[in-house]
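See structure below.
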Amino acid sequence: MDPIFQRVSIRQFEDRPVEKEKAETLLRAAMAAPSATNQQPWEFVVVTEPETLQALSRCTPYAGPMGRASTGFVLCMRKEVRAPQFAPQDMGAATENLLLEAAELGLGAVWMGVCPEEGWMSAVAQVLNISESIQPFAMVACGYPAEEKDQADRYDPQRIHWERW
């Protein structure tokens with residue numbers, strides 16, 4: 001459970017590449033996520049070219065960390081799935097798995113939402129020239145952290161409603 005309590009959003013990265021083996025481990029973790037009817041709606045674009053990372057950093061008002069990362073993951077959702085209404089939940093689980101594994105591997109990462117903002121989704125799709133059969137869901141900037149943060153304790157008993165105990 002340690003990665004859950006160690007994961008923080010890292011937005012500053014060292015000028016050091018993420019090893020391909022670690023990137024593959026992150027993708028393996030993302031694909032281990034649960035999905036409705038086991039539809040696995042995900043596709044991934046792994047970006048390491050600085051020019052492309054810079055272009056992606058301009059696709060949304062919050063995507064700046066992509067331009068500072070050595071590796072970017074663009075998580076995309078397939079449009080043709082059995083239960084499309086649940087695909088965003090599946091993608092959220094995949095994104096969180098990737099983030100937790102990044103923490104486990106000593107990497108820093110930050111999740112930047114793209115979906116459901118049509119303009120942002122279109123901008124990312126255009127930068128990556130992705131197939132029309134998939135749509136961008138989120139971007140994750142990843143690298144070796146150049147900042148240290150402690151995770152805030154977000155546990156709030158006021159938000160828990162016990163049916164019975």
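The values are calculated or read from the model by the stated rules, or taken from the named source; none is laboratory data. Since we're looking at a predicted model, the values are computed, not measured. Positions of Cβ are backbone-derived with ideal geometry, glycine not excepted, and every protein chain shown enters the neighbour counts. Remember, those area values only see protein heavy atoms, side chains included, never the ligands or the DNA or RNA. Shrake-Rupley method; radii C 1.70, N 1.55, O 1.52, S 1.80 Å.
Of all the residues that make up the stretch 1-28, how many are out of contact with any Pro (no Cβ under 8 Å at 6 or more places or on another chain) and open to solvent by 80 Å² or more (accessible area, probe 1.4 Å)?
Summing the residues that are out of contact with any Pro (no Cβ under 8 Å at 6 or more places or on another chain) and open to solvent by 80 Å² or more (accessible area, probe 1.4 Å) in the stretch 1-28 gives 11.
If you take the residues of the stretch 70-112 that are assigned to a strand (DSSP E or B) and under 18 Å from Gln39 (Cβ atoms), which of them is most open to solvent (accessible area, probe 1.4 Å)?
For the stretch 70-112, the residue satisfying everything is Arg78.
Condition first: closer than 30 Å to Pro41 by Cα and either among the aliphatic types (A, V, I, L, M) or surrounded by fewer than 12 Cβ atoms within 10 Å (Cβ to Cβ) (or both). Now tell me which residues in the stretch 127-153 satisfy that.
Listed by number, the residues that qualify are Val127, Leu128, Asn129, Ile130, Glu132, Ser133, Ile134, Ala138, Met139, Val140, Ala141.
Go over the candidates Glu101, Glu118 one by one and state the one that is over 14 Å from Phe44 (Cα atoms) and under 15 Å from the mean Cα position of the chain (by Cα).
Residue meeting the stated conditions: Glu101.
Just one of Val45, Val114, Val81, Val74 is among the hydrophobic types (A, V, I, L, M, F, W, C) and within 11 Å of Ala141 (Cα to Cα); which is it?
After ruling out the rest, the residue left standing is Val74.
Determine if the stretch 33-40 includes at least one residue that is modelled with pLDDT of 95 or more, of a type outside the set (Gly, Ala, Ser) and in contact with a Pro (Cβ under 7 Å, 6 or more places away or on another chain).
Checked against the condition, which is being modelled with pLDDT of 95 or more, of a type outside the set (Gly, Ala, Ser) and in contact with a Pro (Cβ under 7 Å, 6 or more places away or on another chain), the stretch 33-40 yields no hits at all.
State which residue is least open to solvent (accessible area, probe 1.4 Å) when the search covers only the stretch 29-52 and only residues that are part of a helix (DSSP H, G or I) and in contact (Cβ under 8 Å) with a residue 24 or more places away in the chain.
Result: Ala30.
Looking for whichever is touching a residue at least 24 places away in the same chain (Cβ under 8 Å), out of contact with any strand residue (DSSP E or B) (no Cβ under 9 Å at 6 or more places or on another chain) and over 19 Å from Thr52 (Cα atoms) here; the options are Asp156, Asp150. Which one fits?
Unique residue meeting the criteria: Asp150.
Which pairs have Cβ atoms under 9 Å, sit 6 or more apart or on different chains, and link a residue in the stretch 113-139 that is without any contact (Cβ under 8 Å) to a residue 40 or more places away in the chain to one that is surrounded by 16 or more Cβ atoms within 10 Å (Cβ to Cβ) and among the charged types (D, E, K, R)?
Final answer for the pair search is Ser131/Glu43.
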